[in-house]
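*Asks:* First the structure, then my questions, so here it is.
The values are calculated or read from the model by the stated rules, or taken from the named source; none is laboratory data. Computed from a predicted structure; not experimentally measured. Positions of Cβ are generated from backbone atoms using ideal geometry, with glycine treated the same way; all protein chains shown enter the neighbour counts. Ligands, DNA and RNA are stripped out before the accessible areas are found, and what is left, the full protein with its side chains, is counted by its heavy atoms. Shrake-Rupley method; radii C 1.70, N 1.55, O 1.52, S 1.80 Å.
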Amino acid sequence: MSYKNFPMVPRVIFGRGSFNQLSELLAPNRLSNNAPFIFLVDDVFRTNVNITSRIPIAYQDKIILVSTAEEPKTSQVDELVEDIILTSKERPSGIIGIGGGSILDLAKAVAIMLTNEGNAEDYQGWDLVKNKALYHVGIPTISGTGAEVSRTTVLTGPKRKLGINSDFTPFDQVVLDPELTNGAPKDQWFYTGMDCFIHCVESLNGTYLNAFSKTYGDTAYGLCKEIYLDGNLTKKEAQDKLMMASWHGGMSIAYSQVGVAHAMSYGLSYLLGTKHGIGNCIVFNHLEEFYPNDVKLFKEMLEKHNINMPVGICKDLSKKDFDTMIDVALGLEPLWENAIGKNWKKTITRKKLKELYSKM
């Protein structure tokens, strides 16, 4: 029996206001005055001086505002890498992502592609990256995705939506400052938190489950219930706990996998551009057959927080459209094996997936 030797984030700082220590965290990693730190920042913070004014710019450092209107694409990674190479005097000292899961995934992917040849789509898959990534830092401004701790960066390419899963993907440093999640829109707070909840459900109910994954999954699952169902927490307590739920939810799939909801939401995202958190929720809402008790809890959370999810997003799709989504979903074999078992192909047929997508 051979076990995977997974990397973990080597350095993490947690605490309200810890973002203010970013300068001292970065300083030892600056290669030279002409080797800039590149800050990839969610465009939503363009006018938020509470964040932008506190980014410690020095020497040749550069802030790049990035739109997250769409899910991250391999072409977007390639464009960012080309821009950084053309406008930097030397190879950058590091890449710092400040934002939600999309920005964190872009930061990881850009750091990888600055030290590896070719295009980002060449590395979609498992363990294809050859060279260590550039020093990279993740600073989440919303909690739930687990992107701050995972060994993947999920990208939509010309042929599929699939992560760059590698030992070089995890961040070298993460800054967990719950204050940065202030002002997150309610719907986004819910959908992103549910991404964490669904991570736990799929890990805890999967055939890959082990004590490592279960310990993290149980912790995050309990925190999500406390935050989204019990409702007895102050705003600060909820922010702190959701940030830790996100971390533990991401860790819960390090030694296992996600399952049905993620596999099918990748299909929605690839065809329709559905954002990851809301896509998971749209799918999960129809998965009583696979996760009956947890879907019931999810529906209670929807009602408690008055969340009205989009409906009918697949009603006008053509047969070709359905085939495209089904092809993307079926391509994620490790997810199906975790969810159903080694013989998953006997029950997860094209007809079955068509029936499920048709409900959405």
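*Asks:* From the cross-link list K4/K352; K108/K235; K214/K296; K108/K352; K299/K342, which pairs have alpha carbons spaced over 25 Å apart? Walk me through the numbers on the way to the answer.
*Replies:* Working: K4/K352 32 Å; K108/K235 30 Å; K214/K296 21 Å; K108/K352 35 Å; K299/K342 30 Å.
Over 25 Å Cα-Cα: K4/K352; K108/K235; K108/K352; K299/K342.
*Asks:* For the chain, take the longest principal axis of its alpha carbons; what is the angle in degrees between that and the long axis of helix 211-225, to the nearest 10 within 0 to 90?
*Replies:* 90 degrees
*Asks:* Another one. What percentages make up the Cα-Cα pair-distance distribution of region 11-181 when the bins are 10 Å wide from 0?
*Replies:* Spelled out bin by bin, region 11-181 gives 11, 43, 37, 9, 0 percent.
*Asks:* Another question about this same structure. In region 230-273, which residues have a backbone nitrogen under 12 Å from the label point lying 7 Å from T347's Cα in the Cα-to-Cβ direction?
*Replies:* Counting only backbone N, you get 260.
*Asks:* A further question follows. Say a paramagnetic label sat at a point 7 Å from the Cα of R91, along Cα to Cβ; which residues of region 100-120 have their backbone N under 12 Å from it?
*Replies:* Residues passing the 12 Å test: 112-117.
*Asks:* Rounded to the nearest 0.05, what FRET efficiency do N29 and L128 have when you use their Cβ-Cβ distance and R0 = 22 Å?
*Replies:* The formula returns an efficiency of 0.30 here.
*Asks:* Taking 0.36 nm per intervening residue step and subtracting the Cα-Cα distance, what contour gain separates K62 from E288 on full extension? Let's see the in-between values first.
*Replies:* Values: separation 226, 0.36 × 226 = 81.36 nm, distance 4.75 nm.
Going from the current span to full extension adds 76.6 nm.
*Asks:* If we sort 101-111, 308-318 on the protection proxy, mean other Cβ atoms within 10 Å, highest first, what's the order? Walk me through the numbers on the way to the answer.
*Replies:* Details: 101-111: 29.3, 308-318: 11.5.
Descending packing order for the listed peptides: 101-111, 308-318.
*Asks:* Between M244 and K319, what is the FRET efficiency for a Förster distance of 56 Å, r being their Cβ-Cβ separation, to the nearest 0.05? Don't skip to the answer; put the middle values down first.
*Replies:* On the way: r = 45 Å, r/R0 = 0.80.
For R0 = 56 Å, the calculated efficiency reads 0.80.
*Asks:* Let me ask something else. Order the following by accessible area, largest value first: W189, W126, W336. Probe radius 1.4 Å; ligands, DNA and RNA are ignored.
*Replies:* On the way: W189 65, W126 95, W336 0 Å².
From most accessible down to least: W126, W189, W336.
*Asks:* Taking 7 Å along the Cα-to-C-beta vector as the label spot, tell me the L272-H305 distance in nanometres, rounded to one decimal.
*Replies:* Distance between the two pseudo-spin positions: 2.0 nm.
*Asks:* Can you give the FRET efficiency to the nearest 0.05 for R46 and E355, using r as the Cβ-Cβ distance and R₀ = 41 Å?
*Replies:* Details: r = 43 Å, r/R0 = 1.05.
It comes to 0.40.
*Asks:* Here's something else I'd like to know. Based on the mean of other beta carbon atoms within 10 Å per residue, what is the order of 276-286, 46-56, 166-176, 261-271, most packed first?
*Replies:* Working: 276-286: 24.2, 46-56: 13.4, 166-176: 21.6, 261-271: 26.0.
Descending mean neighbour count gives 261-271, 276-286, 166-176, 46-56.
*Asks:* Take every DSSP beta bridge with both residues inside the chain and express the antiparallel ones as a percent of the total, to the nearest 5.
*Replies:* Rounded to the nearest five, the antiparallel share is 10 percent.
*Asks:* Return the single residue from L26, L204, L114 with maximal mean-square fluctuation; model: Gaussian network over the chain, springs between Cα atoms under 10 Å.
*Replies:* Highest fluctuation of the listed residues: L26.
*Asks:* Hey, another quick one. Using a simple charge model, +1 on the beta-carbon of Lys and Arg, -1 on the beta-carbon of Asp and Glu, nothing else, what dipole does the chain show about its Cα centre, in debye to the nearest 20?
*Replies:* Charge dipole, the chain, about its Cα centre: 520 debye, nearest 20.
*Asks:* Region 44-66 to region 282-360: how many Å between their Cα centroids?
*Replies:* About 39 Å separates the Cα centre of region 44-66 from the one of region 282-360.
*Asks:* Still on this structure: So what's the gap between the Cα centers of region 1-43 and region 213-273, to the nearest angstrom?
*Replies:* When both Cα centres are located, 23 Å separates them.
*Asks:* Taking the Cα centre as origin and putting +1 on Lys and Arg beta-carbons and -1 on Asp and Glu beta-carbons, what dipole magnitude results for region 186-358, to the nearest 20 debye?
*Replies:* Value, rounded to 20: 340 debye.
*Asks:* Using +1 at the Cβ of each Lys and Arg and -1 at the Cβ of each Asp and Glu in the chain, identify which of L297, P140, C224 lies farthest towards the dipole's positive end.
*Replies:* Of the listed residues, the answer is L297.
*Asks:* Expressed as a rounded percentage, what relative contact order does the chain have, with Cα pairs under 8 Å and six or more residues apart? Each step should come with its number before you reach the end.
*Replies:* Numbers: 677 pairs, mean separation 55.4, N = 360.
Value for the chain: 15 percent.
*Asks:* Could you work out [θ]222 nm for the chain from helices alone, using -39500 (n - 2.57) per DSSP H run of at least four and dividing by all its residues? Round to the nearest 500 deg cm²/dmol. Don't skip to the answer; put the middle values down first.
*Replies:* Numbers: 13 runs with 152 residues, N = 360.
That comes out to -13000 deg cm²/dmol.
*Asks:* Quick one: helix 74-87 against the long Cα principal axis of the chain, what's the angle to the nearest 10°, folded into 0 to 90?
*Replies:* 0 degrees
*Asks:* Could you identify which residue out of E121, E289, E237 has the top mean-square fluctuation in a GNM of the chain using Cα springs shorter than 10 Å?
*Replies:* E289
*Asks:* If you take the square roots of the eigenvalues of the alpha-carbon gyration tensor of region 186-358 and sort them as a ≥ b ≥ c, do you get rounded (a/c under 1.5), prolate (a/b over b/c) or oblate?
*Replies:* Judged from the Cα gyration tensor, region 186-358 comes out oblate (a/c at least 1.5, b/c at or above a/b).
*Asks:* Please report the antiparallel percentage of the DSSP beta bridges confined to region 11-181, to the nearest 5.
*Replies:* Percentage antiparallel, nearest 5: 10.
*Asks:* Let me ask another. Counting Lys and Arg as +1 and Asp and Glu as -1, what is the net charge of the other residues whose Cβ lies under 15 Å from the Cβ of P292?
*Replies:* -3
*Asks:* Suppose every K and R has +1 on its Cβ and every D and E has -1 on its Cβ; what is the size of the dipole of region 11-181 about the Cα centre, in Debye to the nearest 20?
*Replies:* Charge dipole of region 11-181: 240 debye, to the nearest 20.
*Asks:* For K73, tell me the accessible area in Å² from a 1.4 Å probe, rounded to the nearest 10.
*Replies:* 70 Å²
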